[in-house]
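*Asks:* Handing you a structure now.
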Amino acid sequence: MRQNTFVYHLTAFLVVAIWGSTFVCTKILLVSGLTAAQIFTLRFIIAYVLLLAFSLVRRPFRCWADTWQDELLLAALGLTGGTLYFLTENSAMNYTTTTNTSLIVCCCPVFASLLIGLFYRSLRLRPVQVAGTLMAVLGVAAVVLNGRFVLHLSPLGDALALGANLCWAVYSLLMIPANKRYDAVFITRKVFFYGLLFMIPYFVLFPETPALSVLRRGDILLNLFFLGSIASMACFLAWTWVMHKLGAIVATNYVYLNPLVTILFAWWILSEQITVWFLVGTVLILVGMYLADKRK
């Protein structure tokens, strides 16, 4: 049992580590001329096609949920965890600083815990878990702000980042009943499908197509394939499985590690400096996550 639990926690850490590295890939694509909506759509198309091919090979193939209510539930997962989350998070960076966006989005476990606690009495946080959550939030603030306690308020940008937070909290809440009825492959495939479907109204209102000259570049294709196959298909699939095994609250707490991974990645690749605030924040996040995971 301990070995299995270790595998679940390790998988959650690896998923967050990969998601932390996607900021670099996304930044490259944005600088190259692709928009946030185009990046999201292309990566989800790649992920859906790959997962659909895998599902067709695997028997038996399930096309629809057992009931129309369950199908609506899966559609809501695609809308909140796919379309709305990525559009609000990526759009937020156009109106506010990266620091503000990172600080707000990385606090999504707080919103998820509060929302889940409203609907599931047995999953409400105990005092020691509340203390651990607050400690982890302080750790995130220490890492992201890096000693510069100045936030440039931007109502629209910060509201969009907060919207991304709420979208992921709702996604985590809806995943609880979905995981009880369906397997990870089916749920994840539906998330990609409905995530793409709900992008149609956006492109009707804001028509845009990526330039073919950009899509012919090898580095662009490589980044898109990584985002689609690894960061989307593999990571969403693993995350659905982890949420089923560890529970939505425990799994979501791993989001606190996102800024740590991003900074370590920047230190390794870009030779950015590790500061004392990073070390202090790391300790606060790790201790906070440990306390937030305690059941008694």
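The values are calculated or read from the model by the stated rules, or taken from the named source; none is laboratory data. Worth saying up front: this structure is predicted, and the values here are computed from it rather than measured. Using ideal geometry, Cβ is built from the backbone for each residue, glycine included, and neighbour counts are taken over all protein chains shown. In case anyone asks, the SASA skips ligands and DNA or RNA and just uses the protein heavy atoms, side chains included. Shrake-Rupley method; radii C 1.70, N 1.55, O 1.52, S 1.80 Å.
*Asks:* Restricting attention to the stretch 243-263, which residues are over 17 Å from Leu138 (Cα atoms), open to solvent by less than 20 Å² (accessible area, probe 1.4 Å) and more than 12 Å from the chain's Cα centre (by Cα)?
*Replies:* Once the filter is applied, which keeps residues that are over 17 Å from Leu138 (Cα atoms), open to solvent by less than 20 Å² (accessible area, probe 1.4 Å) and more than 12 Å from the chain's Cα centre (by Cα), the stretch 243-263 yields Met243, Ala248, Ile249, Val250.
*Asks:* Of the residues Leu30, Leu34, which is closer than 19 Å to Tyr202 by Cα, outside any helix (DSSP H, G or I) and not acidic (Asp, Glu)?
*Replies:* When all the criteria are applied, what remains is Leu34.
*Asks:* Check whether at least one residue in the stretch 171-191 is under 20 Å from Ala92 (Cα atoms), part of a helix (DSSP H, G or I) and either touching a residue at least 24 places away in the same chain (Cβ under 8 Å) or open to solvent by less than 20 Å² (accessible area, probe 1.4 Å) (or both), and report yes or no.
*Replies:* Restricting attention to the stretch 171-191, the residues satisfying the condition of being under 20 Å from Ala92 (Cα atoms) are 171.
Those left that are additionally part of a helix (DSSP H, G or I): 171.
Checking the rest, the ones that are also either touching a residue at least 24 places away in the same chain (Cβ under 8 Å) or open to solvent by less than 20 Å² (accessible area, probe 1.4 Å) (or both) come to 171.
Yes, the conditions are met somewhere in the stretch 171-191.
*Asks:* Do any helices (runs of 4 or more DSSP H) lying entirely in the stretch 37-115 carry at least 2 residues that are free of Cβ contacts under 8 Å to residues at least 40 places away in the same chain and more than 24 Å from Phe226 (Cβ to Cβ), and which ones are they?
*Replies:* 68-78
*Asks:* Oh, and also: Checking the structure you have, find out if any residue of the stretch 196-211 is within 16 Å of the chain's Cα centre (by Cα) and not acidic (Asp, Glu).
*Replies:* No, because not a single residue in the stretch 196-211 is within 16 Å of the chain's Cα centre (by Cα) and not acidic (Asp, Glu).
*Asks:* Within the stretch 203-214, is there a residue that is out of contact with any Gly (no Cβ under 7 Å at 6 or more places or on another chain), on the phi > 0 side of the Ramachandran plot and not basic (Lys, Arg)?
*Replies:* no
*Asks:* Step by step: first the residues of the stretch 46-59, then only those that are over 17 Å from the mean Cα position of the chain (by Cα) and of a type in the set (A, V, I, L, M), then the one that is least open to solvent (accessible area, probe 1.4 Å). Which residue is that?
*Replies:* Leu51
*Asks:* Do we have any residue at all in the stretch 152-162 that's outside any helix (DSSP H, G or I), modelled with pLDDT under 85, small (Gly, Ala, Ser) and closer than 15 Å to Glu89 by Cβ? Quick ask: steps written out before the conclusion?
*Replies:* Residues of the stretch 152-162 that are outside any helix (DSSP H, G or I), as a first pass: 152-154.
Those left that are additionally modelled with pLDDT under 85: 152-154.
Filter once more, so that each one left must be small (Gly, Ala, Ser): 154.
Checking the rest, the ones that are also closer than 15 Å to Glu89 by Cβ come to 154.
Yes, the conditions are met somewhere in the stretch 152-162.
*Asks:* Within the stretch 124-146, does at least one residue satisfy the condition of being open to solvent by 30 Å² or more (accessible area, probe 1.4 Å), modelled with pLDDT of 90 or more and under 23 Å from Val16 (Cβ atoms)?
*Replies:* Scanning the stretch 124-146 turns up no residue that is open to solvent by 30 Å² or more (accessible area, probe 1.4 Å), modelled with pLDDT of 90 or more and under 23 Å from Val16 (Cβ atoms).
*Asks:* So, Ala36, is that one under 17 Å from Met93 (Cα atoms) and of a type in the set (Gly, Ala, Ser) or not? Before the answer, list the steps.
*Replies:* Values: under 17 Å from Met93 (Cα atoms): yes; of a type in the set (Gly, Ala, Ser): yes.
Criteria met by Ala36.
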